[in-house]
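S.K.: Can you keep this structure in mind? I'll have questions shortly.
The values are calculated or read from the model by the stated rules, or taken from the named source; none is laboratory data. This structure is a prediction, so every number in the text was calculated from the model and none was measured. When we count neighbours, we look across all protein chains shown, and the Cβ atoms used for this are built from the backbone with ideal geometry, even at glycine.
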Amino acid sequence: MEEGLEVRACTRCPALCDARSRIVNGVGPADADLCFVGEAPGAEEDAEGEPFVGRSGQVLDAALRDRGLARRDVRITNCVRCRPPDNRDPTVEELGNCRGYLADELAAVDPEVVVALGKVPAEHLLERSVAVTAEAGTLYDARLGDRTHRVLVCVHPAATLYDPGQRETLGAALDEAVALVDAADGGQSRLGEF
Ligand code: URA
């Protein structure tokens, strides 16, 4: 396991330590070109120990498949690695406690593009309020730790479950993410080769 990718033990957030079954680390290639960052594990993720394996994950998997990609082609992680009780949003303090782990992971993977899935990760990474639907598909530079990453704003996959109109917004942002990776690879995409 490459340095910086996995957190084995952490007791920084008492409420999350009480609620979690396990720490849910990111999955996918340690040198992925594309890295998706969600909010925090939900019940299924907590049970299985893998990000985005519940209903949101099925939406993400389908959107990747539509673009000729599989889960194993990309890295998938979360801002916070332990399930918040009752599926509440992580607090500012919890996000702060986990920020260094995300910084270490993104520094190790060094993806061409980081896709922020929804409002919590977009605001956490960009450190400002974000109008996710309006800004979906827009690329920004974001400082995390001692690195600058290219962050693409995207709606959360779960948004498409409540509002099917968001499917197009999600798809357009993913098209943009894939195009950015292709352009960074000089038109020779490494996506999908794993
Ligand atoms: N939603 C998230 O933001 N992350 C997950 O891992 C699952 C659902």
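S.K.: Among (1) away from the ligand (no atom under 12 Å from the Cβ); (2) under 26 Å from Leu16 (Cα atoms), there is one condition Leu139 misses while meeting the rest; what is its number?
M.R.: (2)
S.K.: Assess whether Val53 counts as being under 11 Å from the mean Cα position of the chain (by Cα) and at pLDDT 95 or above.
M.R.: On the way: under 11 Å from the mean Cα position of the chain (by Cα): no; at pLDDT 95 or above: yes.
It is false that Val53 is under 11 Å from the mean Cα position of the chain (by Cα) and at pLDDT 95 or above.
S.K.: Name the single residue, out of those in region 74-93 being away from the ligand (no atom under 12 Å from the Cβ) and surrounded by fewer than 20 Cβ atoms within 10 Å (Cβ to Cβ), that is nearest to Glu168 (Cα to Cα). Lay out the reasoning, then the answer.
M.R.: Our first condition is that a residue be away from the ligand (no atom under 12 Å from the Cβ); within region 74-93, this holds for 74-75, 85-86, 88, 91-93.
Next cut, surrounded by fewer than 20 Cβ atoms within 10 Å (Cβ to Cβ) only: 85-86, 88, 91-93.
Numbers: Pro85: 31, Asp86: 29, Arg88: 27, Thr91: 30, Val92: 30, Glu93: 33 Å.
Looking at the filtered set, the residue picked out is Arg88.
S.K.: Specify the residue that is nearest to the ligand (Cβ to nearest atom); the eligible residues are those in region 111-136 that are in a strand (DSSP E or B) and under 22 Å from Asp89 (Cα atoms).
M.R.: The extreme case among them is Leu117.
S.K.: With the condition kept exactly as written, say whether any residue in region 46-59 is touching a strand residue (DSSP E or B) at 6+ places or on another chain (Cβ under 6 Å), more than 10 Å from the ligand (Cβ to nearest atom) and not in a helix (DSSP H, G or I). Walk me through it before giving the result.
M.R.: Step one: filter region 46-59 for residues touching a strand residue (DSSP E or B) at 6+ places or on another chain (Cβ under 6 Å), giving 50-52.
From what's left, more than 10 Å from the ligand (Cβ to nearest atom): none.
Scanning region 46-59 turns up no residue that is touching a strand residue (DSSP E or B) at 6+ places or on another chain (Cβ under 6 Å), more than 10 Å from the ligand (Cβ to nearest atom) and not in a helix (DSSP H, G or I).
So that you can scan it fast, the table gives a plain yes or no per residue for (1) touching a Lys or Arg at 6+ places or on another chain (Cβ under 6 Å); (2) outside any helix (DSSP H, G or I); (3) surrounded by 15 or more Cβ atoms within 10 Å (Cβ to Cβ):
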residue: Gly4; (1), (2), (3): no, yes, yes
residue: Arg8; (1), (2), (3): no, yes, no
residue: Thr11; (1), (2), (3): no, yes, no
residue: Ala15; (1), (2), (3): no, no, yes
residue: Asp18; (1), (2), (3): no, no, no
residue: Ile23; (1), (2), (3): yes, yes, yes
residue: Ala30; (1), (2), (3): no, yes, yes
residue: Phe36; (1), (2), (3): no, yes, yes
residue: Ala40; (1), (2), (3): no, yes, yes
